[in-house]
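Trainee: Starting off with a structure, shown below.
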Amino acid sequence: MDHSEILAQVRRRNPNEPEFIQAAEEVIASVLPVLAKNPEFAKLKLLERMLEPERLISFRVTWMDDAGNVQVNRGYRVQMNSAIGPYKGGLRFHPSVTPSILKFLAFEQIFKNALTGIPMGGGKGGADFDPKGKSDNEVMRFCHAFMGELARHINHRLDVPAGDIGVGGREIGFLFGAYKKIKNEFTGVLTGKGLGWGGSLIRTEATGYGLIYFAENMLQEKKDSIKGKVCLVSGSGNVAQYAIEKIIQLGGKAVTASDSSGFIYDEAGFNTEKLAFLEDLKNNRRGRIKEYADKYKCSYKDLDPKADQNPLWNIKADCAFPCATQNEVNGKDAGNLVKNGVKLLGEGANMPTTIEGINILLDNGVNYAPGKASNAGGVATSGLEMTQNYMGTSWTREEVDSRLISIMKNIHDVSLAAAKEYGKPGNYMIGANIAGFLKVARAMQAQGVI
Ligand code: NDP
Ligand code: 2IT
């Protein structure tokens, strides 16, 4: 099957799944030269197999809200590929969750996890539950009901979920408690656990830190550094917060942050005190980002979800780090970034840039890092948490951080090397797709027609 036939089949098999088709399209185009060079991969239909989930579980989640009303949600786990290790990937709780969203995320996760060098397969899950405005008790009851079903399908050697949008330390705690009670055993079945009960130091920080380590590697490749660079960041959740922290630590200036209501532009830049305010606002008080602008007297704009561009990406800067959600940088936004002098875009979120956006960035010489490489620090540190759980030990902050730094450097180097080998020097997207694909393809080839 050639490129267009594989893509046509993906479209046929997955109607009404635009996000999954988008993620598939990017990888299919990148790995064509690998298939041409290795006809046995094509004959074994390895790419076609990777595009089909090994298993997709969908289940009802019934729970009772504080007012005594019965609520019904839909939960999922996509077990995408287990060629190189147990399924691994986060859980997303957001009203926009659909099979398309989770399949795109699980598909990306296959290659991302392969790039980390830790043996982990690809998976993702979640529910169309909206944690916004829910009490802690409602979130707890939902998590317990969700795990009531998910527990049948996972264990620490089979499938190890973690957090993603809407699933942080609070939710992992409730999910873990339910799993432990149902299975009557204490294992590392989830990552992102609390430090006193099997969690790893640095896991909370890892995605944001890893993103900025990766960007620093890209800049060092060009004899430059993030020091003094003005950075646009979107989002204000887990990934954005620790990306901002690392930008500050390395001497850069982060000037924006956002939530689903709007964004702030603080020309003076974040400092440690302002970041602590943002973290308290978002993690403890669960408030809206506008409060930051009121407190620090900076500019705030509402986001118009129907607008054809996002004004956050239309600000003069050197670097951009989308850390909120998929497709938050479209073609128009990419054009605005180029016009405003942005020279590097590192994806903290999964697939935040549309295919049109990516093409505009690459055509204009923007140094572009795809999420499956640049945000891999989170799942890599989840892998380190699993290792510590298996060993029954816990490493120091310095130990985990130094491993994270070397994993990000390795992903950077491996992606760059693959891009060069396939005649696309400097193209991290093609390099990451090829390097991740090759690792999984060789494992599948060795394991036969499964
Ligand atoms: P959080 O839930 O902690 O934060 C998400 C942030 O993005 C919030 O500021 C949220 O705003 C905003 N956001 C979410 N959905 C939308 C939307 N549809 N439109 C506008 N803003 C939105 O999630 P994370 O920080 O963990 O995840 C952010 C991104 O990073 C996701 O793409 C995730 O897949 C990816 N990622 C996460 C990893 C992790 O370890 N957590 C690892 C690798 C990637 P609001 O508060 O209003 O909801
Ligand atoms: O997208 C991701 O890589 C994550 N949400 C983290 C997954 C994990 O298992 O730590």
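Bear in mind these aren't lab numbers, they're just calculated from the coordinates by the rules spelled out. All values derive from a computational prediction rather than experimental measurement. Here Cβ is always computed from backbone atoms with ideal geometry, including for glycine, and neighbour counts include all displayed protein chains.
Trainee: What area, in nm² and to one decimal, does the C-alpha convex hull of the chain cast on average over all directions?
Mentor: Over every viewing direction, the Cα hull of the chain projects on average to 20.5 nm².
Trainee: Given R₀ = 56 Å, FRET efficiency for ASN184-ILE355 by Cβ-Cβ distance, to 0.05? Write down the numbers at each step before the final one.
Mentor: Numbers: r = 47 Å, r/R0 = 0.85.
The pair ASN184/ILE355 has a calculated efficiency of 0.75.
Trainee: Same structure again: Per-residue ellipticity at 222 nm for the chain, helices alone: DSSP H runs ≥ 4 residues times -39500 (n - 2.57), over residue total, nearest 500 deg cm²/dmol? Don't jump to the answer; show the numbers that get you there.
Mentor: Details: 17 runs with 214 residues, N = 450.
Helices in the chain give a 222 nm mean residue ellipticity of -15000 deg cm²/dmol.
Trainee: Another question, then. With an 8 Å Cα cut-off and a minimum separation of 6 or more residues, compute the relative contact order for the chain in percent. Each step should come with its number before you reach the end.
Mentor: Working: 920 pairs, mean separation 68.9, N = 450.
Computed over the chain, the figure is 15 percent.
Trainee: If you don't mind, another one. Considering the options LEU46, SER100, VAL27, tell which one lies farthest towards the positive end of the dipole of the range 1-107, charges being +1 on Lys and Arg and -1 on Asp and Glu at the Cβ, about the Cα centre.
Mentor: Going by the charge dipole, the pick is LEU46.
Trainee: Using alpha carbons only, what's the Rg to Rh ratio of the range 33-163 with Rh from Kirkwood? Walk me through the intermediate numbers first.
Mentor: Details: Rg = 17.0 Å, Rh = 15.8 Å.
The Rg/Rh ratio comes out at 1.08.
Trainee: Tell me the relative contact order for the range 240-316 as a rounded percent, counting alpha carbon contacts under 8 Å between residues six or more apart.
Mentor: Numbers: 84 pairs, mean separation 23.1, N = 77.
Rounded, it is 30 percent for the range 240-316.
Trainee: Got a sec? Charge dipole of the range 226-353, +1 on Cβ for Lys and Arg, -1 for Asp and Glu; which of VAL255, VAL233, ILE289 is way out at the positive end?
Mentor: Positive-end residue among those listed: VAL255.
Trainee: How high is the FRET efficiency from SER4 to ASP308, r the C-beta distance, R0 41 Å, rounded to 0.05? Could the numbers behind the result be given before it?
Mentor: On the way: r = 29 Å, r/R0 = 0.71.
Result of the calculation: an efficiency of 0.90.
Trainee: Mind checking which helices in the chain clear 27 Å along their axis (Cα) and have mean Kyte-Doolittle hydropathy of -0.5 or more, DSSP H runs only?
Mentor: On the way: long enough: 18-37 (29 Å, 0.86); 397-421 (36 Å, -0.26); 428-447 (29 Å, 0.58).
Those that pass (Cα extent of 27 Å or more, hydropathy at least -0.5) are 18-37, 397-421, 428-447.
Trainee: Roughly how many Å is it from the Cα centre of the range 1-22 to that of the range 178-227, as a whole number?
Mentor: So the two Cα centres are separated by 33 Å.
Trainee: Let me ask something additional. Measuring from label point to label point, each 7 Å out along Cα→Cβ, what is the LYS223 to LYS420 span in nm?
Mentor: 1.7
Trainee: Let me ask you something else. For ARG285 and SER260 in one chain, what is 0.36 nm times their gap in residues minus the Cα-Cα distance, to one decimal in nm?
Mentor: Details: separation 25, 0.36 × 25 = 9.00 nm, distance 1.60 nm.
That pair, ARG285 and SER260, stretches by 7.4 nm at full extension.
Trainee: Springs between alpha-carbon atoms under 10 Å, Gaussian network over the chain: tell me which of ALA151, ALA127, ALA418 tops the mean-square fluctuations.
Mentor: Comparing ALA151, ALA127, ALA418 in a Gaussian network model of the chain, the most mobile one is ALA151.
Trainee: Here's another thing I want to ask about it. Could you size up the charge dipole of the range 128-272 around its Cα centre, putting +1 on the beta carbon of Lys and Arg and -1 on that of Asp and Glu, and report it in debye to the nearest 20? Don't jump to the answer; show the numbers that get you there.
Mentor: Working: 17 positive and 17 negative charges, 88 e Å.
Once rounded to the nearest 20, the dipole reads 420 debye.
Trainee: OK, next. Give me Rg/Rg_expected for the range 195-324, where Rg uses Cα atoms only and Rg_expected = 2.2 N^0.38 Å with N residues.
Mentor: Working: Rg = 14.7 Å, N = 130, 2.2 N^0.38 = 14.0 Å.
This ratio for the range 195-324 stands at 1.05.
Trainee: Given +1 on the Cβ of Lys and Arg, -1 on the Cβ of Asp and Glu, and no further charges, what dipole in debye does the chain carry about its Cα centre, rounded to the nearest 20? Spell out each step's value before the answer.
Mentor: Details: 55 positive and 50 negative charges, 123 e Å.
That gives a dipole near 600 debye.
Trainee: Between ASN364 and ASN16, what is 0.36 nm times their sequence separation minus the Cα-Cα distance? Round to one decimal in nm. Don't skip to the end; give the middle numbers.
Mentor: On the way: separation 348, 0.36 × 348 = 125.28 nm, distance 3.19 nm.
The ASN364-ASN16 span can extend by a further 122.1 nm.
Trainee: Moving on to the next point. Restricting attention to the range 186-247, which GluC sites (Glu not before Pro) occupy a DSSP loop and are surrounded by at most 13 other Cβ atoms within 10 Å? Numbers along the way, then the final one.
Mentor: On the way: sites: GLU205, GLU216, GLU221, GLU245; in loops: GLU205.
Sparse-neighbourhood loop GluC sites (Glu not before Pro): none present.
Trainee: List the trypsin sites (Lys or Arg not before Pro) in the range 14-73 that DSSP assigns to loop (not H, G, I, E or B) and whose Cβ has at most 15 other Cβ atoms within 10 Å. Which are they? Before the final figure, lay out each step's value.
Mentor: Details: sites: LYS37, LYS43, LYS45, ARG49, ARG55, ARG60; in loops: LYS45.
Answer in residue order: LYS45.
Trainee: Looking at the range 107-159, which trypsin sites (Lys or Arg not before Pro) are DSSP coil and have at most 16 other C-beta atoms within 10 Å of their C-beta? The partial results should precede the final answer.
Mentor: Working: sites: LYS112, LYS124, LYS132, LYS134, ARG141, ARG152, ARG157; in loops: LYS132, LYS134, ARG157.
Hits after loop and neighbour filter: LYS132, ARG157.
Trainee: Give the Kirkwood hydrodynamic radius (Å, one decimal) of the range 88-136, defined as one over the mean of 1/r across all pairs of different Cα atoms. Each step should come with its number before you reach the end.
Mentor: Values: mean 1/r = 0.0861 Å⁻¹.
Here the Kirkwood hydrodynamic radius works out to 11.6 Å.
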